[in-house]
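Visitor: Just dropping this structure here.
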Amino acid sequence: MRAVMFGAGGAIGNALAHELAARHEAVELVLFNRRPVAAKVAGQSVRQLDMQDERKLALAAQELQTVGEVDFLIIAVGALHGVAGQPEKALAELSAEKLKWIYEANMVVPALLMKHFAPLLPRERRGVIAALSARIGSISDNQLGGWYSYRCAKAALNMFIRCAAIELRRKHKSSIVVGLHPGTVASALSAPFQQRIAPEMVFAPAQSAKKLVEVLEHLEPADSGCCFAYDGKVIAP
């Protein structure tokens, strides 16, 4: 089995790599990350990649074509806060800079990764693309408002996943394209917000990764285009 992961240096990405390696002794893992990271699991190949440079994405995908088909493409990238500040609580806090930064990190980069790497999926057998999304991207589930940029970017990602699933099914009959909601994970991304959440609902990265891989391994082609939570339940659009 061959798996390619983007965002391997993050808490969830790193944990997912370990979980896949633990479950599949013969798995070949190709890990991409924006910053250099050291290989921590046998069979890993770690590569640095600027995922905001589409030319470099195209070159990396071309290089992988020589290796062969890929069973899992896992996109564990995204951002909630950082250079653009904290999530907006009110319309007055919106800015073009924040909207563009959050949208690029959570929707544009995953979309371009799928564009260039989806052709590596098998044509005649099961292949999975999974991108980290969030329940907060559900329009029907939104009862609180706020967090404008992040909510909108994840909602856009979920729609992109749906569109990509429909197209890929035409050439890759057994392909599965899904979004994954990992829950609240103890990481730098969620650190400023964990105090508002019950302790039992804040997962260690390894705990979340175990749940997510279990979800992935039970998916069927009919599930393609949906967003799944860590407990295997479909998140409403």
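Visitor: Taking the stated definitions as given, is A92 surrounded by fewer than 18 Cβ atoms within 10 Å (Cβ to Cβ), at pLDDT 95 or above and either of a type in the set (G, A, S) or in contact with a strand residue (DSSP E or B) (Cβ under 7 Å, 6 or more places away or on another chain) (or both)?
Guide: yes
Visitor: Condition test on Y148, is it within 25 Å of G85 (Cα to Cα) and at pLDDT 95 or above? Let's see the steps before the verdict.
Guide: Details: within 25 Å of G85 (Cα to Cα): yes; at pLDDT 95 or above: yes.
It is true that Y148 is within 25 Å of G85 (Cα to Cα) and at pLDDT 95 or above.
Visitor: Scan region 197-212 for residues that are in a helix (DSSP H, G or I), surrounded by fewer than 20 Cβ atoms within 10 Å (Cβ to Cβ) and among the aliphatic types (A, V, I, L, M) and report the count.
Guide: Residues that pass the stated criteria total 2.
Visitor: Can you give me the number of residues within region 126-182 that are of a type in the set (D, E, K, R) and without any contact (Cβ under 8 Å) to a residue 24 or more places away in the chain?
Guide: Here the count works out to 3.
Visitor: Another question, then. A3 - would you say it is in a helix (DSSP H, G or I) and either out of contact with any Gly (no Cβ under 8 Å at 6 or more places or on another chain) or over 21 Å from R125 (Cα atoms) (or both)?
Guide: Considered against the rule, which asks whether it is in a helix (DSSP H, G or I) and either out of contact with any Gly (no Cβ under 8 Å at 6 or more places or on another chain) or over 21 Å from R125 (Cα atoms) (or both), A3 comes out as no.
Visitor: May I ask you to verify whether A92 is of a type in the set (A, V, I, L, M), free of Cβ contacts under 8 Å to residues at least 12 places away in the same chain and over 10 Å from S149 (Cα atoms)?
Guide: Details: of a type in the set (A, V, I, L, M): yes; free of Cβ contacts under 8 Å to residues at least 12 places away in the same chain: yes; over 10 Å from S149 (Cα atoms): yes.
Yes.
Visitor: Which one is farthest from V177 (Cα to Cα) among residues in region 76-87 that are out of contact with any Lys or Arg (no Cβ under 7 Å at 6 or more places or on another chain) and in contact (Cβ under 8 Å) with a residue 40 or more places away in the chain?
Guide: Once the filter is applied, the top-ranked residue is Q86.
Visitor: Further question: Quick test for you: out of I166, I161, I176, I129, pick the one residue that is more than 19 Å from Q86 (Cβ to Cβ) and out of contact with any strand residue (DSSP E or B) (no Cβ under 8 Å at 6 or more places or on another chain).
Guide: Within the list I166, I161, I176, I129, the selection yields I166.
Visitor: Related question: Based on what the data block shows, is R126 in contact with a Ser or Thr (Cβ under 7 Å, 6 or more places away or on another chain) and of a type in the set (D, E, K, R)?
Guide: So R126 fits the description; yes.
Visitor: Here's something else I'd like to know. Step by step: first the residues of region 131-165, then only those that are over 11 Å from N106 (Cβ atoms) and basic (K, R), then the one that is surrounded by the most Cβ atoms within 10 Å (Cβ to Cβ). Which residue is that?
Guide: Only one residue fits best here, namely R135.
Visitor: Among the numbered criteria (1) surrounded by fewer than 16 Cβ atoms within 10 Å (Cβ to Cβ); (2) within 26 Å of M5 (Cα to Cα); (3) in contact (Cβ under 8 Å) with a residue 24 or more places away in the chain, which one does K100 miss?
Guide: Of the numbered conditions (1) surrounded by fewer than 16 Cβ atoms within 10 Å (Cβ to Cβ); (2) within 26 Å of M5 (Cα to Cα); (3) in contact (Cβ under 8 Å) with a residue 24 or more places away in the chain, the odd one out for K100 is (3).
Visitor: A further question on this structure: Go through region 135-183 and report how many residues are farther than 24 Å from P221 by Cβ, in a helix (DSSP H, G or I) and more than 14 Å from the chain's Cα centre (by Cα).
Guide: 6
Visitor: Please go through region 130-144 and pick out each residue that is farther than 17 Å from V234 by Cβ and at pLDDT 95 or above.
Guide: Of the residues in region 130-144, the ones farther than 17 Å from V234 by Cβ are 143-144.
Residues satisfying the conditions do not exist here.
Visitor: If you take the residues of region 26-45 that are under 14 Å from L16 (Cα atoms) and in contact with a Gly (Cβ under 9 Å, 6 or more places away or on another chain), which of them is modelled with the lowest pLDDT?
Guide: V27
The values are calculated or read from the model by the stated rules, or taken from the named source; none is laboratory data. Source: prediction; values computed, not measured. A quick note on method: Cβ atoms are made from the backbone with ideal geometry, for glycine too, and the neighbour counts reach across all protein chains shown.
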